[in-house]
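Student: So that we are looking at the same thing, I have put the structure below in structure tokens.
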């Protein structure tokens, strides 16, 4: 049975929620150059920020405001939190964000949903309500009136870029899976099988070249390229199996790099490497015998963690080819 991940997110502390969102954004870094978590006093209305380029806050950026509350985000909180951004930006602290997302595990009240659904109405309400609804709540023991500078910031901002996420929507985001794995031991599921292309790919050239030299040492034939070896009835079937293993491991690697914390795949590779290196380095009658012994050992290994649970023999064997391809454990040494 799947865990209730929205429920687990909803009971994180406020600080934990910010850390969780920071981990979520780490996976979404393909959309960002980098990201940063702000905490404590002096955050100037920012919790976690995603930067579009290396200009960071001097360039386009997105703000993720984490609101771990005992009830849905209120209309007042919507205006106050967004108001801080306009206030600080008008004061010269930073340029306005490109987008602003409330991460509120328990969701938002209906009035907030209505405002977010009608961006032009939300903008006008800011202009109309500032002095009567917000001015006394933005800074402790002070009143912040709607100055021309703040008004200009409100008019400049595209309120269509205000969003909200509750725990359910956050947990459903594919980029959230690594955070769910890290925080709640989620299972990202089984990786897809690899697809073996008919044409030899540049990415597999190193280990294939090593295998050709392994075959040539054993004899009797020589093979000018992998295509020739695949066409040979003596070694072609064996080479076809090795390519299947390589692409299964490649698909496994790619899937779990996207769905688990980044160190998980490296840990899996390290465990496979340590599990077979003694066999690889031992004395063998020839290189082909070494290759077969390593493949036999790899199939028997049981790696740890969620990747170990999903790694079949061909993935573990193919990981040896990945290591060979990278020069870590070459077959023709």
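Student: For the range 110-137, how many residues meet the condition of being part of a loop (DSSP other than H, G, I, E, B) and at pLDDT 95 or above?
Tutor: Residues of the range 110-137 that are part of a loop (DSSP other than H, G, I, E, B), as a first pass: 118, 135-137.
Filter again for at pLDDT 95 or above, leaving 118.
Matching residues across the range 110-137 total 1.
Student: Moving to a separate point now. Identify the residue in the range 47-57 that is touching a residue at least 12 places away in the same chain (Cβ under 8 Å) and more than 10 Å from residue 97 (Cα to Cα) and, among all such residues, is surrounded by the fewest Cβ atoms within 10 Å (Cβ to Cβ). Give the steps one after another, and end with the answer.
Tutor: Residues of the range 47-57 touching a residue at least 12 places away in the same chain (Cβ under 8 Å): 47-54, 56-57.
Among the residues that remain, those that are also more than 10 Å from residue 97 (Cα to Cα) are: 47-48, 52-54, 56.
Numbers: 47: 22, 48: 26, 52: 15, 53: 12, 54: 9, 56: 18.
In this case the residue turns out to be 54.
Student: While we're looking at this one, here's another question. Taking the conditions exactly as written (in contact with a helix residue (DSSP H, G or I) (Cβ under 9 Å, 6 or more places away or on another chain), over 26 Å from residue 24 (Cα atoms) and modelled with pLDDT of 95 or more), does residue 98 satisfy them or not? Working first, answer last.
Tutor: Numbers: in contact with a helix residue (DSSP H, G or I) (Cβ under 9 Å, 6 or more places away or on another chain): yes; over 26 Å from residue 24 (Cα atoms): no; modelled with pLDDT of 95 or more: yes.
When the stated conditions are applied, residue 98 does not pass them.
Student: How many residues are in a helix (DSSP H, G or I), touching a helix residue (DSSP H, G or I) at 6+ places or on another chain (Cβ under 8 Å) and over 12 Å from residue 96 (Cβ atoms) if we restrict to the range 150-171?
Tutor: 6
Residue-wise test of (1) more than 21 Å from residue 202 (Cβ to Cβ); (2) without any contact (Cβ under 8 Å) to a residue 40 or more places away in the chain.
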| position | (1), (2) |
| --- | --- |
| 221 | yes, yes |
| 232 | yes, yes |
| 251 | no, no |
| 265 | yes, no |
| 293 | yes, yes |
| 305 | yes, no |
| 318 | no, no |
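Student: In addition: Give me the residue from the range 161-193 that is surrounded by fewer than 19 Cβ atoms within 10 Å (Cβ to Cβ) and in contact with a strand residue (DSSP E or B) (Cβ under 9 Å, 6 or more places away or on another chain) and, out of that set, farthest from residue 62 (Cα to Cα).
Tutor: Checked the range 161-193; the qualifying residue farthest from residue 62 (Cα to Cα) is 173.
Student: Here is a check on your reading of the model: is residue 92 over 30 Å from residue 262 (Cβ atoms) and either without any contact (Cβ under 8 Å) to a residue 24 or more places away in the chain or in a loop (DSSP other than H, G, I, E, B) (or both)? Even if it seems obvious, please write down each step before you answer.
Tutor: Numbers: over 30 Å from residue 262 (Cβ atoms): yes; either without any contact (Cβ under 8 Å) to a residue 24 or more places away in the chain or in a loop (DSSP other than H, G, I, E, B) (or both): yes.
Yes.
Student: Now for a different question. Determine, yes or no, whether residue 288 is surrounded by 21 or more Cβ atoms within 10 Å (Cβ to Cβ) and modelled with pLDDT of 95 or more. Steps first, answer last, please.
Tutor: Details: surrounded by 21 or more Cβ atoms within 10 Å (Cβ to Cβ): no; modelled with pLDDT of 95 or more: yes.
No.
Student: With the structure loaded, tell me whether residue 144 is closer than 29 Å to residue 179 by Cβ and buried (at least 17 other Cβ atoms within 10 Å of the Cβ) or whether it fails that test. Don't jump to the end; show me each part of the working.
Tutor: Values: closer than 29 Å to residue 179 by Cβ: no; buried (at least 17 other Cβ atoms within 10 Å of the Cβ): yes.
No; evaluated as a whole, the condition is false for this residue.
Student: A follow-up question, please. Mind checking which residues of the range 306-326 are in a helix (DSSP H, G or I) and loosely packed, with under 15 Cβ neighbours inside 10 Å? So that I can check it myself, show each step before the final result.
Tutor: Kept after step one, since they are in a helix (DSSP H, G or I), are these residues of the range 306-326: 306-310, 313-325.
Listed by number, the list holds a single entry, 309.
Student: Go through (1) closer than 16 Å to residue 210 by Cα; (2) touching a helix residue (DSSP H, G or I) at 6+ places or on another chain (Cβ under 6 Å); (3) crowded, with 18+ Cβ neighbours inside 10 Å and name the single condition residue 236 misses.
Tutor: (3)
Student: Follow-up question, since we're still on this one. Can you name the condition, by its number, that residue 257 falls short on among (1) assigned to a helix (DSSP H, G or I); (2) in contact with a helix residue (DSSP H, G or I) (Cβ under 9 Å, 6 or more places away or on another chain); (3) at pLDDT 95 or above?
Tutor: Here residue 257 meets the rest and fails (3).
Student: With the structure loaded, tell me whether residue 249 is at pLDDT 95 or above, out of contact with any strand residue (DSSP E or B) (no Cβ under 8 Å at 6 or more places or on another chain), surrounded by 22 or more Cβ atoms within 10 Å (Cβ to Cβ) and more than 19 Å from residue 214 (Cα to Cα) or whether it fails that test.
Tutor: Numbers: at pLDDT 95 or above: yes; out of contact with any strand residue (DSSP E or B) (no Cβ under 8 Å at 6 or more places or on another chain): yes; surrounded by 22 or more Cβ atoms within 10 Å (Cβ to Cβ): yes; more than 19 Å from residue 214 (Cα to Cα): yes.
In short, yes.
Student: Go through (1) surrounded by fewer than 16 Cβ atoms within 10 Å (Cβ to Cβ); (2) in contact (Cβ under 8 Å) with a residue 12 or more places away in the chain; (3) under 30 Å from residue 28 (Cβ atoms) and name the single condition residue 261 misses.
Tutor: (1)
Student: Go through 204, 114, 217 for me and flag whichever is more than 16 Å from residue 83 (Cα to Cα) and surrounded by 14 or more Cβ atoms within 10 Å (Cβ to Cβ).
Tutor: Working: 114 fails: surrounded by 14 or more Cβ atoms within 10 Å (Cβ to Cβ); 217 fails: surrounded by 14 or more Cβ atoms within 10 Å (Cβ to Cβ).
Matching residue, one of 204, 114, 217: 204.
Student: Now a separate question. Any residue that is part of a loop (DSSP other than H, G, I, E, B), touching a helix residue (DSSP H, G or I) at 6+ places or on another chain (Cβ under 8 Å) and either closer than 16 Å to residue 185 by Cα or in the same structural domain as residue 219 (by TED's automatic domain parsing) (or both) - is there at least one of those in the range 270-285?
Tutor: Looking for residues that are part of a loop (DSSP other than H, G, I, E, B), touching a helix residue (DSSP H, G or I) at 6+ places or on another chain (Cβ under 8 Å) and either closer than 16 Å to residue 185 by Cα or in the same structural domain as residue 219 (by TED's automatic domain parsing) (or both), one finds at least one in the range 270-285, hence yes.
Student: Any chance the range 207-219 includes a residue that's assigned by TED's automatic domain parsing to the domain that holds residue 311, under 21 Å from residue 297 (Cα atoms) and out of contact with any helix residue (DSSP H, G or I) (no Cβ under 9 Å at 6 or more places or on another chain)?
Tutor: no
The values are calculated or read from the model by the stated rules, or taken from the named source; none is laboratory data. Remember, predicted model here, so these are calculated numbers, not experimental data. Neighbour counts run over all protein chains shown; Cβ positions are idealised from the backbone, glycine included.
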